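The numbers here are math on the coordinates, done by the rules we state, and not lab data. This one's a predicted model, so the numbers in the text were calculated from it and none came from an experiment. Every residue, glycine among them, receives a Cβ derived from its backbone with ideal geometry; neighbour counts consider all protein chains shown.
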Amino acid sequence: MVAVRETVKTVGEVEKYKYGFTTDIESDKAPLGLTEETVRFISAKKNEPDWLLEWRLSAFRRWLTMDEPKWAKVSYPPIDFQDAYYYAAPKQSAKLNSLDEVDPKLLETYKKLGIPLTEQKMLAGVAVDAVFDSVSVVTTFKEKLREVGVIFCPMSEAVRDHPELVKKYLGSVVPTSDNFYATLNSAVFSEGSFVYIPEGVRCPMELSTYFRINEKQTGQFERTLIIAEKGSYVSYLEGCTAPQRDENQLHAAVVELVALDDAEIKYSTVQNWYPGDEDGKGGIYNFVTKRGDCRGVNSKISWTQVETGSAITWKYPSCILRGDNSRGEFYSIAISNGRQQVDSGTKMIHLGRNTSSRIISKGISAGRSSNTYRGLVSVHRKAENVRNFTQCDSLLIGDRCSAHTVPYIETKNPTAVLEHEATTSKISDDQLFYCMQRGIGEEEAVALIVNGFCRDVLQQLPMEFAVEAQKLVGISLEGSVG
Amino acid sequence: MLEIENLHVKVDGKEILKGIDLHIRAGEFHAIMGPNGSGKSTLSYALAGREGYEITEGAVRFRGQDLTAMNVDERAAAGLFLAFQYPIEIPGVTTMTFLKTALNAQRKARGEDELDAVRFLKLVREKAKPLNVSDDMLRRALNVGFSGGEKKRAEVLQMALLEPALAVLDETDSGLDIDALKTVAAGVNALRSPERAMLVITHYQRLLDYIVPDMVHVLSGGRIVKTGGKDLAHELEKTGYAAYGADAA
Amino acid sequence: MPPTAPMRHEEEMNDRAAQIFIDTYERERSTLPGADTWLARQREAARASFAEAGLPHRRLEEWKYTDLRQALEKAGVAASPVHGGAVVLPDTAVASAFASIDRHVLVFVNGRHRADMSRAVRLPKGVVLHPLVEVLPEQWAKDLIERRLDAARQSEDIVDLNTALMQDGVALRIRKGVRLDKPLHLVFLSADDGASHTRNLIRLDEGAEATIFESHVGTAAAFADIVTDISLGAAAGLSHVKLQDEAPGAIHMATLRAHLSERSRLSNFTFTLGCGVSRTQNFIRFEGEGAQAHVNGAYALKSQQHADHFCVIDHAVPGCTSHTLFKGVLDGASEGVFQGKVIVRPGAQKTDGRQMTHALLLSRDAAMNAKPELEIYADDVQCAHGSTVGELSRDAIFYLRARGIPETRARQLLVSAFLDEALDLVPHEEAREALKILAVDWFSGGRGAI
């Protein structure tokens, strides 16, 4: 974690505290390592109430007794958990004066993705001249949300302004004991979003849009909590197609979704974390716990993800189908190239009656990467009339990568109808030849065919991201052909 | 337009074409007929540049350029079109998307400007109408679930859109009933022009009643054993291929 | 799925049952077959490995649905006695399923060969058939016993127990180009409670052909530990059908390991009517191009039976084909498990590997767990798997009844139709018909050992 130490020094020189807290503590970063003191430091920095500090501490104490899980098909050098900083003040102002100072390769990628100029500046850390533009857009959004009573703010703000909501729902979907990385997150989380949609409200905009204009904090241990009250709807998108670097190598986020009666949450992720150099060094480890609880009757949660980055991806966005008639969906495109390793999938736990789930997973491996789908569909004894359909397809590009499918299908109720299909193949020579004979160059042909392969998932993304995601798919496979 | 000289082609280590000579000028319509195994498809794949078809001897010049020096998509941009006997399915890619990508890729390669969505849609609809290619077919994934006739009509639509200088039609009539055959033939005939040449490869004479050739060549045992006018096709119908030493090496 | 609760490393792994086997070994090692040969060293090494690993338990990924350690502890195992006296096969449909087929028969009681009950005469020249003990000095036997396929280590480890304690079994070698004239039927009968350890060695040289039936029957609360090691030479063909139907208190642990040379063919069919706890593992490895393996099965379970089928196909070379189809019907409070793994190694191009598992749950308390896995390192392949679980179609039942067929008969027809898709894959016609009759029989309640 040498990179961590160097960069944090730079961060340490920077700016005032974004959220305007005043504290007694002078330094802007916690000391190296992770001890109970670190947890207290973080909690104090955020001026948290005692109940939350206790919550963190109990998670931390539990974490000390746990072993790192080793069952996924990923391998990496051991992580020294004591050799990292667990808190650093967020970056504030930009460091560059114009796009000319930005790495041209990075700009080239932004252009290929079709990212507008203003956003390119924000992503690259260039000062945005038309500040009032972005501010006014942000202000308009904030107004609209306030009008309908939607709460959308950073987690620390939510703890301060809506403690009763946070207390009620935090840890109710992913308990602190859930797994090693979720427990770690519970102890040291510091960024993340809180979303609350009141009864009957259909959130007036994709919360993705809001996010993109606003400055994106890439927190190491983000904690996100989304609550959709009775009859409400929200579509939330995190991440972005632009390649993102971060000084922190390990990202262990936790996302909890709660959908009450007749509510629907659509959660989309487009992630392109830095995958590391050609030897796979220095890339980001993305170990995420995401779970949705369809608590209410007729509730629905759908996860859509396009993962093309990270050195190692380890995530299983899941749904607990508790409420009768509830529905869980999982749509995923996971692309791995170079030496990336992906072990991803979903869990659909059917507890209520007449629940259904749909899983469409498209894995594409290229280079020397390894891509595993790991999924669980489980039907409880009392879960009547469950319906599940799962389709996992893997595409191999080149003969030095690998694709694995590990589905677990468990049922204790005879009325459940569970169907699972998986195929693994490569882009056929016939298809390539056909496209090329029509004048489409080889790389473009591969991108075209792969996009066709992923179509069912791309269709699930919010409109503006679908187009970018398609381009991202093409870019992620560059260099994999020939 | 197309000059093939002493072409020898090997597939899987076996020599299939054993010295083909063929000259096709712009505006001409040639037909190649021959029994199964004579090398008809090998010729069309070799012209298109398919991997696995090794040219061991001979030369091919297309519009003055050495065709063998170009890769598959370069040959297409240079004006070569191969209508497949078994058009390939590409799941998830709509016919419309495929057509646009192909046309614009070729235009780009030739230094022409690409068509925007509106102009393209207009153009496609224009070309699709006489071929009975519906909007629905255009929205479906390319060739997925298409009947034999639909696949062939889609091939002809591509040809109409891409406007090649040389179109090679590989057994375009296989699997078609008489009505589908007429529609396809009408579409192909509509594309005849003094600037364009066509090479129709077929087993049966039937197609040639509708797409009347200027010259007919008989391919047998990897060589062209006879060349004649359109009447040669009728003769073949009567005598069969054996008369032309079909089993001779 | 990996445990969602954290593991406590201070958790004690209590393995009394393993200790009993180790004690048995210490006591009997000098009298076990091959005690004065190379086998003694091999047994000792196996014992040491077994002692270290212990019996498999549910915290091992490959055993997560079947805790053999717990099952053996509950059952309490001791070595079964040699049964020298008169023994009669149970009077059940299963025990006599192949009776009308003209075949050679070898009978093993409590895992030990009974020449008086067997009948294998006038074998063709080039067919070498002996009890295990007689071939132990031979190289081919040594090679098979010492071999490790290593595609599913956690599961193959159980073979160590068998190597350490194996008492008897069949050794069949068929020389180049020779065809076994009639099916060879191996009957394994558990007449007494207790553990038996059987090792079968089957080697077909280039171009050899054979059909083997294997029946496991008995009313005793026994622990049957069977390992069958198969080696197929170039272009050899083996058709193997395993039928199992044992007592509610019985535990059945069967491992089949086969390696296939180029152009060889293996057709393997497992028909499981169950017992208390059974686990059948089939490990196939392709070692030469152009080989084919059809590893299929059908199972029908009732009451508290638990049956686990684990098939691993290792495409270690290019150009091979493997098709697996398993269909199971679960009634009562039974539990079915299907685990499968198709591995395609780097460079194993032009592989055709498919696995399908289908289960039908007939009752409220039945349960099914399926985990078909694909592990693929080569790209020019066609690999697929599928899994379905469901119940009898109400529409279909209604349709049959509307045509005058009473409900029970309608359900039986549908269950048979369901299982037939798998049973139709048994190449030997008479064996196939016999198994279909057993399936009908199972449904009507006329089961074997119960």
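Quick one: dipole size for chain B, taken about the Cα centre, charges +1 on Lys/Arg Cβ and -1 on Asp/Glu Cβ, in debye to the nearest 20. Numbers along the way, then the final one.
Details: 31 positive and 35 negative charges, 95 e Å.
Roughly 460 debye, rounded to the nearest 20.
Return the sequence-ordered ³J(HN,Hα) values of region B:39-45 in whole Hz as given by the Karplus equation 6.51 cos²θ - 1.76 cosθ + 1.60 applied to θ = phi - 60°, using x for Gly and Pro.
These are the phi-based 3J(HN,Hα) values: x, 4, 5, 4, 4, 5, 5 Hz.
Helix B:95-109 sits at what angle to the longest principal axis of chain B, using alpha carbons and giving 0 to 90 degrees rounded to 10?
Roughly 70 degrees, rounded to the nearest 10.
To check you understand DSSP bridge types, tell me what percent of the beta bridges within region B:132-249 (both residues inside) are antiparallel, rounded to 5.
Details: 5 of 10 bridges.
Bridges in region B:132-249 that DSSP calls antiparallel: roughly 50 percent.
Just name one of C:L273, B:P213, A:I449: the one whose Cα is farthest towards the positive end of the charge dipole of the protein assembly as shown (beta-carbon charges, Lys/Arg +1, Asp/Glu -1).
C:L273
Could you tell me the convex hull volume per residue, in Å³, taken over the Cα atoms of the protein assembly as shown? If you can, show how the numbers build up before the last one.
Working: hull volume 248.1 nm³, N = 1181.
Convex hull volume per residue, Cα atoms: 210 Å³.
Mind checking region B:143-249 for GluC sites (Glu not before Pro) that DSSP puts in a loop (not H, G, I, E or B) and that have at most 13 other Cβ atoms within 10 Å? Intermediate results must be reported in sequence, preceding the final value.
Details: sites: B:E150, B:E155, B:E171, B:E195, B:E235, B:E237; in loops: B:E171, B:E195.
Passing sites in region B:143-249 are B:E195.
What residues qualify as long-range amide H neighbours of C:V107, i.e. H under 5 Å apart, gap of 5 or more or another chain, H built at 1.01 Å from N?
C:R114, C:S118, C:R119, C:V187
Go through A:T415, B:A167, A:V201 and say which Cα lies farthest out towards the positive end of the charge dipole of the protein assembly as shown; charges sit on Cβ, +1 for Lys and Arg, -1 for Asp and Glu.
Of A:T415, B:A167, A:V201, it is A:T415.
When only Cα pairs under 8 Å and 6 or more residues apart are kept, what is the percent relative contact order across region A:242-348?
On the way: 308 pairs, mean separation 30.0, N = 107.
Computed over region A:242-348, the figure is 28 percent.
Hey, in the GNM for chain C with a 10 angstrom Cα cutoff, which one of C:V415, C:V217, C:V88 fluctuates hardest?
C:V88
Take every Cα-Cα pair in region C:4-392 and report what % of them are more than 35 Å apart. Before the final figure, lay out each step's value.
Details: 16130 of 75466 pairs.
I get 21 percent for the Cα pairs in region C:4-392 exceeding 35 Å.
Based only on other Cβ atoms within 10 Å, what is the fewest-to-most ordering of C:T272, A:T423? Walk me through the intermediate numbers first.
Details: C:T272 27, A:T423 17.
In increasing order of surrounding Cβ atoms, one gets A:T423, C:T272.
Among DSSP beta bridges lying fully in region C:4-392, give the percent that are antiparallel, nearest 5. Write out the running numbers ahead of the final one.
Working: 8 of 144 bridges.
Antiparallel bridges: around 5 percent, rounded to the nearest 5.
Please report the antiparallel percentage of the DSSP beta bridges confined to the protein assembly as shown, to the nearest 5. Walk me through the numbers on the way to the answer.
Working: 50 of 315 bridges.
Approximately 15 percent, going by the DSSP bridge assignments.
Relative contact order (percent) for chain B, with alpha-carbon contacts under 8 angstrom and 6 or more residues of separation? Please list the in-between numbers first.
Numbers: 449 pairs, mean separation 69.1, N = 249.
About 28 percent, as a whole number.
Counting Lys and Arg as +1 and Asp and Glu as -1, each charge on the Cβ, what is the dipole of the protein assembly as shown about the Cα centre in debye, to the nearest 20?
Values: 138 positive and 159 negative charges, 315 e Å.
Dipole size: approximately 1520 debye.
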